[in-house]
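Novice: My questions all concern the structure below.
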Number of protein chains: 4
Amino acid sequence: MTGDLSTMADYIPQKTDKFTFGLWTVGNPGADPFGGPVRVPVSPPERVRKLAELGAYGVNLHDNDLVPFGASAPERDAIIKEFQAALDDSGLVVPMATTNLFTHPVFKDGAFTSNDAGVRAFARQKVMASMDLGAELGAKTYVFWGGREGVEVEASKDPVTATKRFRDALDFLAEYSLSQGYNFQFALEAKPNEPRGDLFLPTVGAMLGFIATLSRPDLFGVNPEFAHETMAGLSFYHAVAQALEAGKLFHIDLNGQKPGRFDQDLRFGQEDYKQNFFLVKLLEDSGYAGPKHFDAHPLRTSDPDDVWEFARGCMRSYLILKEKAARFNADPEIQAIWQQLNAPDQTLDPLLSAKFTPENAQALRGMSFDADALAAKPLPYEKLDQLVFDLLLGVR
Amino acid sequence: MTGDLSTMADYIPQKTDKFTFGLWTVGNPGADPFGGPVRVPVSPPERVRKLAELGAYGVNLHDNDLVPFGASAPERDAIIKEFQAALDDSGLVVPMATTNLFTHPVFKDGAFTSNDAGVRAFARQKVMASMDLGAELGAKTYVFWGGREGVEVEASKDPVTATKRFRDALDFLAEYSLSQGYNFQFALEAKPNEPRGDLFLPTVGAMLGFIATLSRPDLFGVNPEFAHETMAGLSFYHAVAQALEAGKLFHIDLNGQKPGRFDQDLRFGQEDYKQNFFLVKLLEDSGYAGPKHFDAHPLRTSDPDDVWEFARGCMRSYLILKEKAARFNADPEIQAIWQQLNAPDQTLDPLLSAKFTPENAQALRGMSFDADALAAKPLPYEKLDQLVFDLLLGVR
Amino acid sequence: MTGDLSTMADYIPQKTDKFTFGLWTVGNPGADPFGGPVRVPVSPPERVRKLAELGAYGVNLHDNDLVPFGASAPERDAIIKEFQAALDDSGLVVPMATTNLFTHPVFKDGAFTSNDAGVRAFARQKVMASMDLGAELGAKTYVFWGGREGVEVEASKDPVTATKRFRDALDFLAEYSLSQGYNFQFALEAKPNEPRGDLFLPTVGAMLGFIATLSRPDLFGVNPEFAHETMAGLSFYHAVAQALEAGKLFHIDLNGQKPGRFDQDLRFGQEDYKQNFFLVKLLEDSGYAGPKHFDAHPLRTSDPDDVWEFARGCMRSYLILKEKAARFNADPEIQAIWQQLNAPDQTLDPLLSAKFTPENAQALRGMSFDADALAAKPLPYEKLDQLVFDLLLGVR
Amino acid sequence: MTGDLSTMADYIPQKTDKFTFGLWTVGNPGADPFGGPVRVPVSPPERVRKLAELGAYGVNLHDNDLVPFGASAPERDAIIKEFQAALDDSGLVVPMATTNLFTHPVFKDGAFTSNDAGVRAFARQKVMASMDLGAELGAKTYVFWGGREGVEVEASKDPVTATKRFRDALDFLAEYSLSQGYNFQFALEAKPNEPRGDLFLPTVGAMLGFIATLSRPDLFGVNPEFAHETMAGLSFYHAVAQALEAGKLFHIDLNGQKPGRFDQDLRFGQEDYKQNFFLVKLLEDSGYAGPKHFDAHPLRTSDPDDVWEFARGCMRSYLILKEKAARFNADPEIQAIWQQLNAPDQTLDPLLSAKFTPENAQALRGMSFDADALAAKPLPYEKLDQLVFDLLLGVR
């Protein structure tokens, strides 16, 4: 396949690619902690139309991305009607919805884990209303990101109690979804810190552990985000693999981030090409069928045109990496190394995947292994990784 | 209590404090990646005697901390006999055992997740033998730390397959424990990286998520380690709280570490006094009854005397922080703020902890909240954190 | 001194402590990337009065903390007059001034390093006007923090050219200061990232290196900030020591921060008590005579009262640590270890501090050392660090 | 140039590429903190022959890479003779030498900054002898890496005194070089931590700042290392640019590393392709004429064959990235954006690069800028970064 770049002009997104964007992503006005907005985003219906034009499959939203906090019922209905019309015109869907539990000052110390029962109750109200909105727009997946569920001051919140409160809220809301016939699948999104000093349940793994303690674990999975896991210097590729293997990859947030710093939410593909390649390969090889959601935002330097270059780039990078994954799977030299490393063992394979019996334990203990000989088998990983470098950089 | 420091001379460890040390901790010879050993440790029986003298409750071990790799059966038995005698003399117990699956070159690409079936089989053999040893010494808890279960080269190991192989091994070994009547409780220990580029199941949370997928999740809990969670910049205090709340804190590794760097395994208390304080307070307030295990090592600069100062310091720091926790719980000003923050709400508390019914959902939705008024309630966290500073520094 | 806590009630700031606050610190309205303002700060003159009441020595400011961007000359003059009156009433001084080169969208890609000559020229204009303001208010030190001098997209700015542009601006502005008779000493403030992906000259060290390339290095020093150096996981204590030793500690920004995450700007003392202790000890022992400037902000959860608890806490923590430093210097056991470690050597000390001559090189080469014997000298660092723990926690 | 991959087979290193390897790199036996050696490296002369065969230009060494610690003079001479013969046969040179001041226990608390005058004196002796060796082998550059010049226990070493001691040693040794006619250029290598908790002068910037305080700053430059700067999450590309711009890039250590973790010393190119690309582009565009030194080591999993794949890969990756840099410079679309961003300004450019005069300050202040208009100029950085992605991945 070396050198055959004939199809390279063709990285055009299709609906079947299931690329989705948050309304808040292409609508980001460019503020940051050291400066205010620099762009006036186009309206949500305009975003829908533009994203459809670029080849996206859907848009996702927090309640307040569409309906302002405190809007009256008629205002809300009018907004939704106009938005639904844009969806209908463009053919875009809303596969995922979520709740903004972080912007209004009422949530400054968290929502579900606030010490204040009034805040906790208000948060549940808001989520129920937001679930109604999501269901109305056809969303199948409901995401929870506990953006302010944490502390800067350890003494301010008991983490054991906070965990119980978080669980009470999710158990309740899952039942609400069932009682209304919404039948959402819920996806929990972790983040280690920012805007709080430390957020509870800070990693994909922590969420998977927490799900096991819920009343209806079957309804809950995770929404891993590249930036969030990478902030803690963890391998996003491995986190997604753990979730996939456990049947818990219900949604995914793709973007870019450098480790060990503030939440950057860069364009998908902007950072760590190799990590992104293995991530895309995993999603493609595993048959993950959910949306590929871009939870990123254009740079503060971007003008309106560059905002759409940003959106285009997220999808294009994914498709380029998808093609690389196909090349990897078809590369004879790479595959030969892989086969060598994973050569089947007629005797041991069945024994190692069998359930325990005293007999097979005995059989295993009775075998004789030469540890030094096993240690001496070649593991040509430098060579393999260099082949990946060459393949990704287009020189094989 | 301000100024009442009359009991301060009394930080003397007692058996009831359940302080334990790894044989490998006070036996660490001081090598690092840039230099070889600097100390000749005393023999394991001598370590036992010295630790007993200092007030420890027990010692923990990897198989090869006591019995060298490849020792003959008679050698093994002689070593164990001498070691057991030292335990008997000193009154120390061995509450926890584990397997060295990382030193010998055979494990250079992992044990349970190696691509090589021979390595995987050999690892299981070694663990079974090590479990026999642990049981013989009276251990109740068996720890798994997958020290080389990971990669530097993503292409070298499929993380989905690796997870399945990890599970197969643990499921098998749990049954082995039952079949032999050992009835170990298993504690899984996570680490994000080092010695591998990225280790699988890198955090306490990831282990909790993984446990939920095992055949016998009830037999498995976690062994959180301060240094490992801190390497990823995560709150160890929160990780332990999640494990505790889930009933999964089966063991704990206490030491010291700065975030975002190599594994330091410093003396307990050496880094982040405040984090350590809240950790000790959590363990004490929760009634955690397991051993407090120090998995640390003396500095490379330490001479033999300083090794024992190190051991003494780990326990002393814990006891000082334990006293601080009692003072925190008895401090009227701190407690008054806590009560104010957590004032019970007769109406909302029952509703929020109740199971979902359409009726209480309706009740909740029908309530009216003034978000701005809720947002305006004072949260005196700067004041509270300063009181913690004052208390910890002994000026209140 | 153990147990002698008689003076502990007396951590009352005095003018001689030279504690200063940025106008923007106690004036921070509590916005962050995920939520808007939560507080309406009192007016600058009110901040001055309140800080004076709490014992502060001075306030520092960016031009736009006081005079809004684009204010007319009469507006500016009226504002300054009212502010100066508050200073006069309260006895506070303005020892340091700086320029806001980051809020307005014109600076979205930097100021001095922007590719756009118009932006670079406008930035210089703004700094000259801001220097006029600073001089008018009596400031002696002028700080430069290049808050947006960096990139997210490496291709967008040549770092070699950017460095030259940065130098051109500083050389020019230093001459402007001289020509106007302002005679500022300039203090350069580094930060590794945020709001930009990577900022140029990201550490105290990088600034020291850059200063050596300026036309008038004598006029320039550094303004190290605890949070900024800590974001990169570097030892702030060591960074300040390097600057001090080089005669370049012209100013200092004190606050709190956890490593490897977003810029937290927490209350001084909030994080890493031990690091803060050694920092305070260094400042006190070295006779640093400049202001101790708090560049922190109250938590978003703080209400107006808690804002002042925040300010009070910054100063109180410093004074508590200062007392600890005095105790450290007076502690016989600690000092005995220090003396042992630093025992003078009559023969070697003069030789090692002498200038090179062929003769002393020859003398040195002719000496015979027993490396193993040197290696065997005790270094009781575990013991020493435990004494520090005990001293800081008030139990010795 | 899109698709023109005709020269792709040709990434064959030439002497003119000036690729060098440390003797210790391909000679690394594969030990790490959790396991011992896994390989028996070939002898230094064999390494020389093999590296020559692969196209390297030179090898670099610490004294003890070649001559064991404590070797007698005849042993030393015999070893050097054999090594020199291998150099002569193969045509390889030794452009750089350095001293091992970290392996022997005598250096466990540092060398130049040890509190022990005996250790400091012994270290100087060792360096003088090692400089003699380096000169004998023809080295032109002498590197100082203060591998243990730091602390874990802040109380153990005064950082101000440590800095003075470091300076005294370097000033002395620089004069020794001159007095012997060696005329080395000295390159200081920074590292933030490991094996010590915190190393003094932890970054390239800190070294640049320190150099400015030496007696002969002209003789000193830096030896930036990719892994070391990246451990602290800093941009290596920017650090090298600062050094280059200051005329201080005397040497460079190329390898691979993920941020915020232990020192990995991976194959050059293994991590962060984009960062490596801009680094190579900078070195090539700037006309840097020094050696490109690989200070990396093969993975612990590598067998002897894979060791040489590692070495081959370091050089190949550099050459691939060098070709990409040429393509970047020739890419019309990329260059058009660059021209647009850096359009010359006839009025402002001269003014901004001119020295200060009251007249040009006046001219500048008198100009009128429309900040909003300047802010509105397009900065198509998302587009530009996507072009870089496409170019690096070989799809343009």
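Novice: Please compute the average number of Cβ atoms from other chains found within 10 Å of each residue's Cβ in peptide D:179-192.
Specialist: Details: counts 4, 2, 0, 0, 0, 0, 0, 0, 0, 0, 0, 1, 0, 7.
Going residue by residue through D:179-192 and averaging, the value is 1.
Novice: A further question on this structure: Taking a quarter of the surface of the convex hull around the Cα atoms of segment D:38-106, what do you get in nm²?
Specialist: With every direction weighted equally, the projected area is 5.5 nm².
Novice: Another question about this same structure. Okay, helix-only estimate at 222 nm for chain B: each DSSP H run of n ≥ 4 adds -39500 (n - 2.57), divide by all residues, round to 500 deg cm²/dmol; what do you get?
Specialist: Working: 16 runs with 186 residues, N = 396.
Mean residue ellipticity at 222 nm (helix-derived): -14500 deg cm²/dmol.
Novice: May I pose another question? With heavy atoms of protein chains only and a 1.4 Å probe, what residues of segment D:373-394 have at least 50 Å² less accessible area in the full set of chains than alone?
Specialist: D:374, D:375, D:379, D:381, D:382, D:385, D:386, D:389, D:393
Novice: Whole number please: convex hull volume per residue of the Cα set in segment A:246-322, in Å³? The partial results should precede the final answer.
Specialist: On the way: hull volume 7.8 nm³, N = 77.
In segment A:246-322, the Cα convex hull volume per residue is 102 Å³.
Novice: What relative contact order, as a whole-number percentage, does segment A:42-173 give when Cα pairs under 8 Å and 6 or more residues apart are counted?
Specialist: Numbers: 153 pairs, mean separation 34.9, N = 132.
Contact order relative to length: 26 percent.
Novice: I need the shape label for chain D. Rule: rounded when a/c is under 1.5, else prolate if a/b > b/c, else oblate, with a, b, c from the alpha carbon gyration tensor. List each step's numbers first, then the result.
Specialist: Values: a/c = 1.99, a/b = 1.35, b/c = 1.48.
The shape class here is oblate.
Novice: When the Cα atoms of segment B:212-278 are enclosed in a convex hull and the volume is divided per residue, what value in Å³ results? Working shown, then result.
Specialist: Values: hull volume 5.9 nm³, N = 67.
Per-residue hull volume (Cα only) is 89 Å³.
Novice: Can you list the HN-Hα couplings for segment B:95-109, worked out from phi with the Karplus curve (6.51, -1.76, 1.60; θ = phi - 60°), rounded to whole Hz and with x for Gly and Pro?
Specialist: Listing the rounded values in order: x, 9, 9, 7, 10, 7, 10, 9, 7, 5, x, 4, 9, 4, 10 Hz.
Novice: For the protein assembly as shown, with only Lys/Arg (+1) and Asp/Glu (-1) charged at the beta-carbon, what is the dipole magnitude about the Cα centre, in debye rounded to 20?
Specialist: Working: 156 positive and 216 negative charges, 0 e Å.
Magnitude of the dipole: close to 0 debye.
Novice: So for each of D:26-38, C:289-301, A:35-47, B:49-61 I average, over its residues, the number of other beta carbons within 10 Å; can you give me the resulting order with the highest mean first?
Specialist: On the way: D:26-38: 18.2, C:289-301: 24.1, A:35-47: 16.6, B:49-61: 21.5.
Output ranking for D:26-38, C:289-301, A:35-47, B:49-61: C:289-301, B:49-61, D:26-38, A:35-47.
Novice: Taking every pair of Cα atoms in segment D:349-396, average 1/r, invert it to obtain the Kirkwood radius, and report Rg/Rh to two decimals. The partial results should precede the final answer.
Specialist: Working: Rg = 18.8 Å, Rh = 14.3 Å.
Rg divided by Rh gives 1.31.
Novice: Here is a further query. Within the protein assembly as shown, what percent of beta bridges assigned by DSSP are antiparallel, to the nearest 5? Kindly include the intermediate steps, with their values, before the conclusion.
Specialist: Details: 16 of 112 bridges.
Within the protein assembly as shown, antiparallel bridges account for around 15 percent of the total.
Novice: Separate question: Just the accessible area for residue C:128, please: 1.4 Å probe, Å², rounded to the nearest 10?
Specialist: The value for residue C:128 is about 0 Å².
Novice: While we're on this one: Compare the Cα positions of C:97, C:275, C:230 along the charge dipole of chain C (+1 at Cβ of Lys, Arg; -1 at Cβ of Asp, Glu; about the Cα centre) and return the one farthest towards the positive end.
Specialist: Result: C:97.
Novice: For the residue pair residue B:125 and residue A:305, what label-to-label distance in nm results when each label sits 7 Å from Cα along the Cα-to-beta-carbon direction?
Specialist: Each label point lies 7 Å from its Cα, and together they span 6.9 nm.
Novice: Three principal axis extents, largest first, for the C-alpha atoms of segment C:1-148, in Å?
Specialist: Taking max minus min along each principal axis of the Cα atoms, segment C:1-148 gives 63, 35, 30 Å.
Novice: I would also like to ask the following. Assign unit charges at the C-beta atoms only (+1 for Lys and Arg, -1 for Asp and Glu), then state the dipole size of segment C:351-392 relative to its Cα centre in Debye, rounded to the nearest 20.
Specialist: Values: 4 positive and 6 negative charges, 50 e Å.
My answer is approximately 240 debye.
Novice: Over 16 Å, how big is the tail of the calculated P(r) for segment D:297-390, in percent of all Cα pairs?
Specialist: Numbers: 3245 of 4371 pairs.
Pairs farther apart than 16 Å: 74 percent.
Novice: Let me ask something additional. Assigning unit charges at the beta carbon (Lys, Arg +1; Asp, Glu -1) and nothing else, what dipole magnitude in debye, to the nearest 20, does chain B show about its Cα centre? Display every interim value, and only then the final one.
Specialist: Numbers: 39 positive and 54 negative charges, 76 e Å.
Charge dipole, chain B, about its Cα centre: 360 debye, nearest 20.
Novice: Considering the zone a paramagnetic label at residue A:326 would reach in this model (a point 7 Å from Cα along the Cα-to-Cβ line), which residues of segment A:10-25 have amide N under 16 Å from it?
Specialist: Flagged as within label range: A:10-18.
Novice: Also: Considering only the label points, 7 Å along Cα→Cβ from Cα, what distances in nm to one decimal separate residue B:14 from the same position in each other copy, shortest first?
Specialist: 4.6, 7.4, 8.0
Novice: Semi-axes, largest first, in whole Å: what does sqrt of 5 times each Cα gyration tensor eigenvalue give for the protein assembly as shown? Intermediate results must be reported in sequence, preceding the final value.
Specialist: On the way: eigenvalues 384, 347, 285 Å².
In descending order, the three semi-axes are 44, 42, 38 Å.
Novice: Which residues of segment C:236-259 show a drop of at least 10 Å² in accessible area when all protein chains are present, compared with their chain alone (probe radius 1.4 Å, heavy atoms only, ligands and nucleic acids excluded)?
Specialist: Residues of segment C:236-259 that lose at least 10 Å² of accessible area once the other chains are added: C:237, C:238, C:241, C:242, C:245, C:246, C:258, C:259.
Novice: As a test of understanding, state the convex hull volume per residue of segment C:67-152 from its alpha carbons, in Å³. Can you show the working numbers first?
Specialist: Values: hull volume 8.2 nm³, N = 86.
Given the Cα convex hull of segment C:67-152, per-residue volume reads 95 Å³.
Novice: Between residue C:349 and residue C:216, what is the label-to-label distance in nm when each label sits 7 Å out along the Cα-to-Cβ direction?
Specialist: 4.1 nm
Novice: Round to the nearest 0.05 the FRET efficiency obtained for residue D:369 and residue B:339 when R0 = 41 Å and r is the Cβ-Cβ distance. Please list the in-between numbers first.
Specialist: On the way: r = 57 Å, r/R0 = 1.40.
So the FRET efficiency works out to roughly 0.10.
Novice: Another question about this same structure. Viscosity 1.567 mPa s, temperature 4 °C: what is the translational diffusion coefficient of segment C:164-273 from Stokes-Einstein with a Kirkwood Rh over Cα pairs, rounded to a whole number of µm²/s?
Specialist: Numbers: Rh = 14.5 Å.
D, rounded to a whole number, is 89 µm²/s.
Novice: Considering only protein heavy atoms, what is the solvent-accessible area of residue B:314 at a probe of 1.4 Å, reported in Å² to the nearest 10?
Specialist: 0 Å²
Novice: Between residue D:60 and residues 5 or more places away or on another chain, which pairs have amide H atoms under 5 Å apart, with H built 1.01 Å from N, and which residues are they?
Specialist: D:21, D:22, D:23
Novice: Along the charge dipole of segment C:283-380, which of C:288, C:374, C:342 sits closest to the positive end, that is, farthest toward it, with unit charges on the beta carbon of Lys, Arg, Asp and Glu (+1, +1, -1, -1)?
Specialist: Checked the options; the winner is C:288.
Novice: Can you give the relative contact order of chain D as a percent, counting alpha carbon pairs under 8 Å and 6+ residues apart?
Specialist: Numbers: 604 pairs, mean separation 59.4, N = 396.
Computed value for chain D: 15 percent relative contact order.
Novice: Another question, then. How much of the accessible area of the protein assembly as shown, probe 1.4 Å, is carbon plus sulfur, in whole percent? Provide the component values of the computation, followed by the final result.
Specialist: On the way: 26260 of 49020 Å².
The value for the protein assembly as shown is 54 percent carbon and sulfur by accessible area.
Novice: Measuring nothing but label to label, 7 Å from Cα along Cα→Cβ, what are residue D:132's distances to the other copies in nm, shortest first?
Specialist: Spacings between copies for this position, smallest first, are 5.9, 6.7, 9.0 nm.
Novice: Restricting the count to DSSP beta bridges whose residues both fall in chain A, what percent are antiparallel, rounded to a multiple of 5? Walk me through the numbers on the way to the answer.
Specialist: Values: 4 of 28 bridges.
Here the antiparallel bridges make up roughly 15 percent for chain A.
Novice: Right, something else. Toward the positive end of the charge dipole of segment C:128-267, about the Cα centre and with charges on Cβ (Lys, Arg +1; Asp, Glu -1), which of C:255, C:210, C:182 goes farthest?
Specialist: Checked the options; the winner is C:255.
Novice: Compute the separation of the alpha-carbon centres of segment C:313-378 and segment A:52-104 and state it in Å as a whole number.
Specialist: Centre-to-centre distance over Cα atoms comes out at 67 Å.
Novice: Using a 1.4 Å probe on the protein heavy atoms only, what accessible surface does residue D:179 show? Give it in Å² to the nearest 10.
Specialist: Ignoring ligands and nucleic acids, residue D:179 comes out at about 60 Å².
Novice: Considering only the label points, 7 Å along Cα→Cβ from Cα, what distances in nm to one decimal separate residue A:367 from the same position in each other copy, shortest first?
Specialist: Distances between equivalent label points, in nm: 6.0, 6.1, 7.7.
Novice: A further question follows. Among the helices of chain B (complete DSSP H runs), which have Cα atoms covering no less than 18 Å along the helix axis and a Kyte-Doolittle mean of at least -1.0?
Specialist: On the way: long enough: B:73-90 (25 Å, -0.50); B:117-136 (29 Å, 0.14); B:159-179 (30 Å, -0.13); B:273-286 (19 Å, -0.19); B:304-330 (40 Å, -0.38).
In chain B, the long hydrophobic H runs are B:73-90, B:117-136, B:159-179, B:273-286, B:304-330.
Novice: Just to confirm, what accessible area per residue do you get for the protein assembly as shown at 1.4 Å probe, in whole Å²?
Specialist: Working: 49020 Å² over 1584 residues.
Per-residue value: 31 Å².
Novice: Further, regarding this structure: Chains D and A: how much accessible area gets covered up at their contact, both sides added, probe 1.4 Å, in Å² to the nearest hundred? Walk me through the numbers before you get to the answer.
Specialist: Numbers: alone 19370 and 19360 Å², together 34790 Å².
Its buried surface, counting both partners, is about 3900 Å².
Novice: Can I ask one more? List, in the order given, every pair from A:377/D:324; A:140/B:164; B:258/D:126; C:126/C:191 whose Cα-Cα distance in the structure shown is over 27 Å. Kindly include the intermediate steps, with their values, before the conclusion.
Specialist: On the way: A:377/D:324 36 Å; A:140/B:164 29 Å; B:258/D:126 33 Å; C:126/C:191 22 Å.
From the list (A:377/D:324; A:140/B:164; B:258/D:126; C:126/C:191), the Cα-Cα distance tops 27 Å for A:377/D:324; A:140/B:164; B:258/D:126.
The values are calculated or read from the model by the stated rules, or taken from the named source; none is laboratory data. Model, not experiment: these values are computed from the prediction. Note that we place each Cβ from the backbone using ideal geometry, even for glycine, and neighbour counts take in every protein chain shown. Accessible surface is based on the protein model in full, side chains and every heavy atom, while ligands, DNA and RNA are left aside. Shrake-Rupley method; radii C 1.70, N 1.55, O 1.52, S 1.80 Å.
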